[in-house]
Amino acid sequence: MKRTFISLLAIIFGLIIIIFPVMGLIGVSSLIGLSVLLMSIYLFVLGVSIIDYNTSGAILDLILAILLLFLSFGLIFNPALLGFLTEITMYIAGIMLIIVAVASLINNRSSRYGFYVGIFGIVLGLLYIVIGTYLSNPIVLGALIGIWLVISGVLNFVDN
C-alpha cells in the first residue's frame with residue numbers, strides 16, 4: 001500500500017515537473033544548496049575547534065567553509081547556477097575523455113581493438129560536450145528531473 005502510494009506520488013510529481021520544469025530545478029538546486037550549506041557550517045565549526053593544535057588544517061577548513069558558503073547561497077538563491085555547474089562539469093569530462101581517447105589511440109596501435117577504443121572515447125567525449133550544452137538550459141534539467149521521477153514511479157509501481 002505504501003509503495004503504491006509513493007509510486008503514484010512520484011508519477012504525479014514527475015508529471016507536474018515535466019509541465020513546469022523550472023519547479024524541479026528550483027527544488028533540486030535548493031536541496032543541493034542546503035546540503036552544501038550544512039557542509040559549510042560543519043567545516044567552519046571544525047576549523048574553529050582545531051585551530052589551537054592544527055593551524056594549517058584549520059585555515060584550510062575555514063577557507064573551504066567560506067567558499068562552500070558562497071556556493072550554497074548561489075545554489076539556493078540562483079537555480080541557474082546548477083545548470084552552469086552541470087555544463088562546466090560535462091565540458092571538462094568530455095575534454096578529458098577526448099584526451100584519454102587520443103592517448104589510447106597513440107599508445108594502443110599494436111592492440112587489436114585499441115583503435116576502436118580510442119575512436120569510441122572520442123565520440124563519447126564529443127557526446128559529453130554536446131549534452132553539456134543542452135544541460136545548461138534550466139528547462140531541460142527540470143524536464144530530466146521530471147522524467148526521472150515518472151520512470152522511477154512507474155518502475156516502483158510495476159515492482160509491486
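The values are calculated or read from the model by the stated rules, or taken from the named source; none is laboratory data. This is a predicted model, so every value here is computed, not measured. As a convention, Cβ positions derive from the backbone with ideal geometry for all residues, glycine included, and neighbour counts pool all protein chains shown.
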* Name the one entry in Leu37, Leu31 that is among the hydrophobic types (A, V, I, L, M, F, W, C) and in contact (Cβ under 8 Å) with a residue 24 or more places away in the chain. => Leu37
* Restricting the range 101-117 to residues that are of a type outside the set (Gly, Ala, Ser) and either in contact (Cβ under 8 Å) with a residue 24 or more places away in the chain or surrounded by fewer than 12 Cβ atoms within 10 Å (Cβ to Cβ) (or both), which is nearest to Ile129 (Cα to Cα)? -> Ile106
* Asked: Just to be sure, is Ser40 within 17 Å of the chain's Cα centre (by Cα), assigned to a helix (DSSP H, G or I) and farther than 18 Å from Gly153 by Cα?
  -> no
* Residue list for the range 1-11, restricted to those being surrounded by 14 or more Cβ atoms within 10 Å (Cβ to Cβ) and of a type in the set (Ser, Thr, Tyr) -> Ser7
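For (1) within 21 Å of Ala10 (Cβ to Cβ); (2) at pLDDT 80 or above; (3) over 16 Å from the mean Cα position of the chain (by Cα), each residue gets a yes or a no:
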residue: Ile95; (1), (2), (3): no, yes, yes
residue: Phe120; (1), (2), (3): no, yes, yes
residue: Ile129; (1), (2), (3): no, yes, no
residue: Asn137; (1), (2), (3): no, no, no
* Structure fact -> All-but-one check, Thr55 against (1) of a type in the set (Ser, Thr, Tyr); (2) under 28 Å from Ala143 (Cβ atoms); (3) at pLDDT below 90, failing number (2)
* What residue, of Gly14, Gly24, Gly33, is modelled with pLDDT of 90 or more, surrounded by 13 or more Cβ atoms within 10 Å (Cβ to Cβ) and not aliphatic (A, V, I, L, M)? -> Gly33
* Select from the range 73-99 the residues that are free of Cβ contacts under 8 Å to residues at least 24 places away in the same chain and either surrounded by 15 or more Cβ atoms within 10 Å (Cβ to Cβ) or charged (D, E, K, R) (or both) and list them in ascending order. => Leu85
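Matching residues to (1) farther than 17 Å from Leu25 by Cα; (2) in a helix (DSSP H, G or I); (3) out of contact with any Ser or Thr (no Cβ under 9 Å at 6 or more places or on another chain); (4) aliphatic (A, V, I, L, M):
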| residue | (1), (2), (3), (4) |
| --- | --- |
| Leu64 | yes, yes, no, yes |
| Leu75 | no, yes, no, yes |
| Met90 | yes, yes, no, yes |
| Met96 | yes, yes, yes, yes |
| Ile106 | yes, yes, yes, yes |
| Arg109 | yes, no, yes, no |
| Leu127 | yes, yes, yes, yes |
| Ala143 | no, yes, yes, yes |
* Structure fact -> In the set Phe115, Phe84, the lone residue that is modelled with pLDDT under 80 and assigned to a helix (DSSP H, G or I) is Phe115
